[in-house]
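The values are calculated or read from the model by the stated rules, or taken from the named source; none is laboratory data. Model, not experiment: these values are computed from the prediction. Glycine gets a Cβ as well: all are built from the backbone with ideal geometry, and neighbour counts include every protein chain shown.
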Amino acid sequence: MKVLKEIQKRRTFGIISHPDAGKTTLTEKLLLFGGAIQVAGAVKSNKIKRSATSDFMEIERQRGISVATSVMAFEYRGLKINILDTPGHQDFAEDTYRTLTAVDSVIVVIDVAKGVEAQTEKLVEVCRMRKTPIMVFINKLDREGLDAFDLLDELEQKLGLTVRPLSWPIGMGQRFKGVYSLYEQKLVLFRPHGKQKEEDTIEITDLKSADLEKHVGEAAARELREEVRMVEEVYPPLDRQAYLEGELSPVFFGSAINNFGVRELLDCFVEIAPAPLPRITEERMVAPGEDQFAGFVFKIHANMDPKHRDRIAFLRVCSGKFQRNTNYLHVRQNRKMKFANPTSFMADKKMVIDEAFPGDVIGLYDSGNFKIGDTVTEGEVLHFKGIPSFSPEQFRYVNNADPMKYKQLDKGLEQLMDEGVAQLFIKEDNGRKIIGTVGALQFDVIQYRLEHEYGARCSYEPLNLYKACWITCDDGKALKEFLDRRRKDIARDKHGQLVYLAESAWSLKMARENHPRVEFHFKSEF
Ligand code: G4P
């Protein structure tokens, strides 16, 4: 019974945005509402500043911050809300994709002046693939930006979302007067710097009311009435089921830095966002309410202190109750493990916990036993699905730069790959190692960490590749023919799966045309 109650209390979500749209600021305001932090500025941005590419200490510092802010929990209206942090820097997009496997819903933050940006498109695509429920917060209304209807069009066209505005802005920038909450039928007047008072929220159930003129003036009242009429005509009504199925996205407008519009977003979120959802495994569906504990590792973080090689594995609890000092099965290694110091994270505080429930994320100290995607259970053999690797976008040959340290290099590379820093491919024809990453920054991170944590040195050689695609084929003869023909372009990933290294879009197209029986996949789970 207790477990079911705890599950119903949990809401686990991620905030995604293009860097600078306001993710950190919004997170902070949400934590302030929940009383998890008392002062603004307590949540450090985990942004890796553009200048950091050559500044390794900065990268290290940022890594520390991002451990601290990996999961932030707060209580609000009787619920326990877990925010999972997603790195904004695009070079760490893969980290974000994986974090999205551990959430039940997301909030997308859009900068009103910039509209939908590239990074957001990719991330929302991942959410759409999984039918993750999405809410949208359009931020920075205190500045001049795009027209609200144009923004909604962008959300539909670029992100493929069906949207439903639940609040509507009254002016913007200098003329920003506030929002009308269509969800709660209230007028909320804008006051800069979070100086909102109770009397600034006025119930107006009928927009024809002369109260509107009184508060926002004639012109703005007329405009609002006209725009809300259009909203009601053009957009479908809020249908919670459609939202839960990822088919309809409520949209809110506000200004995170001014703590404006955030409460409206949060109040709606706690009413409609899903409690922990079932998760699919290769064997069966796992429901949160099951008696037995099961969870999976979606992120691994190396210790900041190079003298201690241990790491923190972040595990999402999917079913049952997790308990400290209890024997659990590490499915891939087929062995029992106990966790003496599982931790939870609260803003900048870490705490050892005795128990955790579905929807929670816990940190497990790990001396190299975990890989991303690993399952831990009370005994059943399960493999959680949906934690794919994506085709990297940048590739380099990696060479050992210190012949005395090849063992250290191998070990370091293996562990960094387990952490998901990058992907390693080994060529079939000559056994050479290739590192594939999403962004160039990871190459520097790998080189630096190999040296500082493993005492190994590596050098890189440029390699011009377009994509690495995983290949499958149910016709053995056709597969053999393909492998023979393309021998120099074939490699294996860390699980031994076959990968085709395409030099260009054209060579991929030709390979597809000439080998129609072979299937090419852009992610490793298919
Ligand atoms: P991110 O995590 O998505 O990368 O964005 P972050 O919250 O760090 O916000 C990026 C910048 O946008 C910050 O300014 C922040 O203060 C500002 N910002 C956030 N919300 C609003 C808003 O509602 N209105 C306006 N006008 N600005 C907003 P910065 O100058 O880059 O950093 P800082 O020195 O202010 O911290």
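Kindly indicate whether G412 is buried (at least 17 other Cβ atoms within 10 Å of the Cβ), free of Cβ contacts under 8 Å to residues at least 60 places away in the same chain, part of a helix (DSSP H, G or I) and small (G, A, S). So G412 fits the description; yes. Would you be able to say whether some residue in region 178-199 is of a type in the set (V, I, T) and crowded, with 19+ Cβ neighbours inside 10 Å? Yes, the conditions are met somewhere in region 178-199. Taking into account only those residues within region 265-279 that are in a loop (DSSP other than H, G, I, E, B) and hydrophobic (A, V, I, L, M, F, W, C), which is surrounded by the fewest Cβ atoms within 10 Å (Cβ to Cβ)? The qualifying residue surrounded by the fewest Cβ atoms within 10 Å (Cβ to Cβ) is A275.
State all residues of region 230-276 that are among the basic types (K, R) and either within 14 Å of V136 (Cβ to Cβ) or modelled with pLDDT of 95 or more (or both); if no residue qualifies, say none. Correct list: R240 only.
Within the option set L441, L450, being over 22 Å from the mean Cα position of the chain (by Cα), closer than 16 Å to R396 by Cβ and not assigned by TED's automatic domain parsing to the domain that holds F314 holds for one residue only, L450. Is region 89-112 home to any residue that is over 13 Å from the mean Cα position of the chain (by Cα), within 23 Å of I280 (Cα to Cα) and more than 11 Å from the ligand (Cβ to nearest atom)? Within region 89-112 (the criterion being over 13 Å from the mean Cα position of the chain (by Cα), within 23 Å of I280 (Cα to Cα) and more than 11 Å from the ligand (Cβ to nearest atom)), the answer is no, since none of the residues qualifies.
Evaluation of G431 against the conditions (1) on the phi > 0 side of the Ramachandran plot; (2) surrounded by 12 or more Cβ atoms within 10 Å (Cβ to Cβ) shows that the sole unmet condition is (2).
Residues in region 371-385 include at least one that is buried (at least 16 other Cβ atoms within 10 Å of the Cβ), on the phi > 0 side of the Ramachandran plot and either at pLDDT below 95 or assigned to a strand (DSSP E or B) (or both). When region 485-509 is filtered for residues that are of a type in the set (A, V, I, L, M, F, W, C) and either part of a strand (DSSP E or B) or exposed (fewer than 12 other Cβ atoms within 10 Å of the Cβ) (or both), the ones remaining, listed by number, are I490, A491, L498, V499, L501, A502, A505, W506.
With respect to being in contact with a Cys (Cβ under 7 Å, 6 or more places away or on another chain) and touching a residue at least 12 places away in the same chain (Cβ under 8 Å), P250 fits the description.
Under the condition of being surrounded by fewer than 23 Cβ atoms within 10 Å (Cβ to Cβ) and outside any helix (DSSP H, G or I), the residues counted in region 1-12 number 3. Taking the condition within 16 Å of the ligand (Cβ to nearest atom), surrounded by 14 or more Cβ atoms within 10 Å (Cβ to Cβ) and over 30 Å from the mean Cα position of the chain (by Cα), does R143 pass? Answer is no for this residue.
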